Each structure stands twice: as structure tokens, then as C-alpha cells.
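Below is one structure, written out as C-alpha cells; comments come after it.
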Amino acid sequence: MSPHFNAAPSRVLVIGGGVAGCAAAIRFAHRGNEVTLAERASFPREKICGCCLGAAGLRALDAIGLAQSVRDLGVPTERFTGYLQIPRLSPTNTAPRVCASEIHLPIAAGVAIARSVLDTFLVEQARQAGVRPWQPYEAQIVSTDNNKTLVRYRSADGSQKPHDWELTDEFDLVVVATGLSGDFSGSHSIPSSGASNANVNSDGSANPRRWQLPWIQSPHGPFGIAAHLPSQHPLACDWRLDEGEIEMICGDEGYVGLVRLPGGAIDIAAALRTSSQQVRPPSPTERLAALLGSHPGCTDSLGERISDWLRSEARLMTAPPLRRTRWPGRGRVVAIGDCAGYVEPMTGEGMTWGIESGLAVADLWAKPGSQDDFANHWHTRLRALQQKRRILCGSVTRALRSPGLRRAAHFSLTRAPWLAMPITRSLAAGPTFAPTASRMP
């Protein structure tokens, strides 16, 4: 038997059909497991995302044979241009903040791709790898121990009543990849035949406690807001943004990233501060418009049109406070991707980290001896996998909210852009994964 496969197949459930969940499902299937993928949304679906996948993410996809296909579906990203709001020199100057001249930084080649396209493609690849899809289906964890996990599930097509959970099943491992806001915990009164039920008391009565993976750091910090500017909209033509360029505007309110997608649409994704000293702070839409309007190439007329579009036409997507860290496992349940923890990314790190964690959890499961106390093994592995890059990314985004540090960064990087290379290289680095392919019949 090939060393790429488990000696005894396991029943694995992956909850969440985004990039992390699909990568995990495919890798588990490649290693010979019986894999089910539960996703509550119907595809294609839009999702709040910067729509950039970095070089390390493409290398991870190479290990499951999908990198070139993703490159073909997207647009190569090869340039990064930053705009930093600089403090006013005069305290009496009440003019709106305007960014200084652009900063051009070298980055490793990645890809820009709409999540509606990428997620649909990856779910289909999972299906072809032998994964059984439940879609649209909701799945929730009822209980777990060191041997099995009990799960309840139901159709998410709207035909079920809110409390109507009729179906249950047991799995050797459940991988939670529900992103920033997904629900994966439930309570149930039906005890598992092979696993102890943490929601049933010793006398057999129901315990209504919901099963949880506890927070290490509960959600806090900036919140996310995003929109797609359609290619046919005049603003998509008037905004100066080249194909293959990642553009970022950083200021007091946070930062916004822009990238042109295949077909000419522009993805706009921002992380905005949640607090304000003003009694009546501007709305998120107004704050996003002001940040975009501070671009040095944005005229007053263009800024007004952007504000009008955001207020009256754009389909805005929001995410709760972004920074969080969850305990990544209990019993036979582990969390991956954004569900396990999140900091604001810059040039495609978010999707990269999700894909890497999906592959890594399947590889760890296949390692001899790791299935005993698997949750703690996964905790150790996840910290080693990404903690340094997450800390670096979070430190950079926090620093760029300081007016003084933005001024210093602009002064340095416009004169010596190579000073940023240690940071960009570190963020583009990642683990090496051995290639796996589907088991042949």
C-alpha cells in the first residue's frame, strides 16, 4: 500500500465548504478516508474576502494537484501598491486626509480569483476525489470524546423548522471549517452508541448545554466590510487599477484592499476600526467611502460617485470583529482556517492559511500514533504551522494604524522599497507538503 494512505480508512466529516474545508476534504480523501463535506450554502455564493491567494497558498494547492487550475481561473497578482494617509502638518488644517504618493513593493506571484468561482471549483474537485457532499446541509456537533463524535444534520433548503433536527450520525473525526461566523455547535438528547454524550447527564436526562470549542481570544478588533464593483459599472473603468496589481489604502479608520478580478470586476475588502471617539460616528459605508476617497488619484467627483454607489447600489457584505483565537480541538473535533483563528491579512494570507491548515490536519491524522489525543496534537501542529506569520501580519496591520508609523513607513519605503522584503518574503513562505493523488480503484 502506498505510504500516502491510511492503513484503516476513517469516517471524517468536514463542516464548511470554503477553501479550508475543501482542501481538508480532498486531502483526507486522497489519503483513503471516507469523507463527507457539509456546506449549508448553495453555490455559487459570494463571500466577504480579499479574493487574493498568495504564493504559499498556490504551493499548498500544488500538493493536491490543483494549483495550475486555480491559476487558470484567476488573474496573476505580481505587484503591490500601497497608499498611506499622512498626518496633517498643521493642526488647524481641516481638509480631508489624502494619501501620499504610492509605495511599490515586490511580492511573490499569487492569484486574484472570485470566491464564487474558487469555492465552486474546489467543491467539484472534492466530489471528483470521492468526497460525499451534503449541500445545502447544516451540521452541528452534539458531543465528542477521544473515539467518536456525534453530529446532527438537516437540509438547509428552508424546508425544515428551526428546531427540527431529525438525523444524527457518528464520525471518527470532525473538522470544523465554518469561517468567521459559522455555527457548528448544538445540543441534543440522543446519546451516542459509541461515544459518551457530554449533553446527557449521568441519570440519562437531557443536558441542554451546547457543545463548544472555547475562545482563547474572543472576537475583537476591526470588523470586515466588502463589495464587488461590477465590470460593467462605469466606476470600474474610471478607477485606476491595473490587472495583476493589489492596491491597499491605509489610514486612521483602517485599511481597504482592491484587486481586479477576471472579467474586470473590482473586489473591495476593508478592515475598519470598531471604536470611535465621536459621539455619532460615521456609518461604515461613509467610513469606507472616505478611505477610498483619500486615494491621491481620486478626484472630488469620483469620490462622490463612489460614495453614491456604496450608499445606493453596492451589495455590501460585513463580518464581525475579525481578530480571534479559538481552542483548536476537543476530543475528535478540530478547527481549521478562520474558524480556528484570524488576523487581518494583507496580500492573500487568509486563504493561504486556510488551505495549509486543511492539508496539515489530514497529514497529521495519517501520522502513526497521532489519533490518540488528536486535539492536543493538532493544537501543537497548528501553532508551529502559522503562528509566526500570523503575529507578523497582525503587527504590520496594527502599526499602519499609527499616523507616525505611517509617515515613517512612507519616508523609508518610497526611498528603499527593499526594506519591506523580509516581511513580504516571510508572509509568502510556508510549509512544504508532499503531493497526494486520488486512490485508484
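The values are calculated or read from the model by the stated rules, or taken from the named source; none is laboratory data. Predicted, not measured: the structure shown is a model, and the values here were computed from it. No Cβ is skipped: glycine too gets one built from the backbone with ideal geometry, and neighbour counts run over all protein chains shown.
Per-structure values
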item: Residue that is modelled with the highest pLDDT, among those in the range 177-187 that are over 19 Å from Arg323 (Cβ atoms) and either assigned to a strand (DSSP E or B) or of a type outside the set (Ser, Thr, Tyr) (or both); result: Phe184
item: Phe171 being buried (at least 20 other Cβ atoms within 10 Å of the Cβ), assigned by TED's automatic domain parsing to the domain that holds Glu39 and modelled with pLDDT under 90; result: no
item: Among the candidates Ser312, Ser370, Ser357, Ser301, residue that is more than 19 Å from Val19 (Cβ to Cβ) and in contact with a helix residue (DSSP H, G or I) (Cβ under 6 Å, 6 or more places away or on another chain); result: Ser370
item: Of the criteria (1) in contact (Cβ under 8 Å) with a residue 40 or more places away in the chain; (2) closer than 30 Å to Trp365 by Cα; (3) surrounded by fewer than 15 Cβ atoms within 10 Å (Cβ to Cβ), which one Met421 fails; result: (2)
item: Some residue of the range 113-128 being at pLDDT 95 or above, part of a strand (DSSP E or B) and either aliphatic (A, V, I, L, M) or more than 20 Å from the chain's Cα centre (by Cα) (or both); result: no
item: Residue within the range 291-306 that is farther than 19 Å from Gly82 by Cα, surrounded by 15 or more Cβ atoms within 10 Å (Cβ to Cβ) and in contact with a Gly (Cβ under 7 Å, 6 or more places away or on another chain) present; result: yes
item: Qualifying residue in the range 94-103 (condition: more than 28 Å from Glu253 (Cα to Cα) and at pLDDT 90 or above); result: no
item: Complete set of residues in the range 330-348 that are of a type in the set (Asp, Glu) and at pLDDT 90 or above; result: Asp338
item: Residues of the range 246-274 that turn out to be β-branched (Val, Ile, Thr) and without any contact (Cβ under 8 Å) to a residue 40 or more places away in the chain, as a count; result: 2
item: Filter result (charged (D, E, K, R) and farther than 16 Å from Pro431 by Cα) within the range 381-413; result: Arg398, Arg401, Arg406, Arg407
item: Any strands (runs of 3 or more DSSP E) falling wholly within the range 215-257 and containing at least 1 residues that are of a type in the set (Phe, Trp, Tyr) and more than 19 Å from Arg311 (Cβ to Cβ); result: 215-220
item: Selection from the range 307-343 of residues that are in a loop (DSSP other than H, G, I, E, B), buried (at least 21 other Cβ atoms within 10 Å of the Cβ) and within 16 Å of the chain's Cα centre (by Cα); result: Leu322, Pro328, Ile336, Ala340, Val343
item: Of all residues in the range 369-397 being surrounded by 13 or more Cβ atoms within 10 Å (Cβ to Cβ) and of a type in the set (Gly, Ala, Ser), the one that is modelled with the highest pLDDT; result: Ala375
item: Number of the condition not met by Thr36 [criteria: (1) of a type outside the set (Phe, Trp, Tyr); (2) within 21 Å of Gln140 (Cβ to Cβ); (3) out of contact with any Leu (no Cβ under 6 Å at 6 or more places or on another chain); (4) modelled with pLDDT of 95 or more]; result: (3)
item: Qualifying residue in the range 416-428 (condition: over 24 Å from Arg79 (Cβ atoms) and in contact with a helix residue (DSSP H, G or I) (Cβ under 9 Å, 6 or more places away or on another chain)); result: no
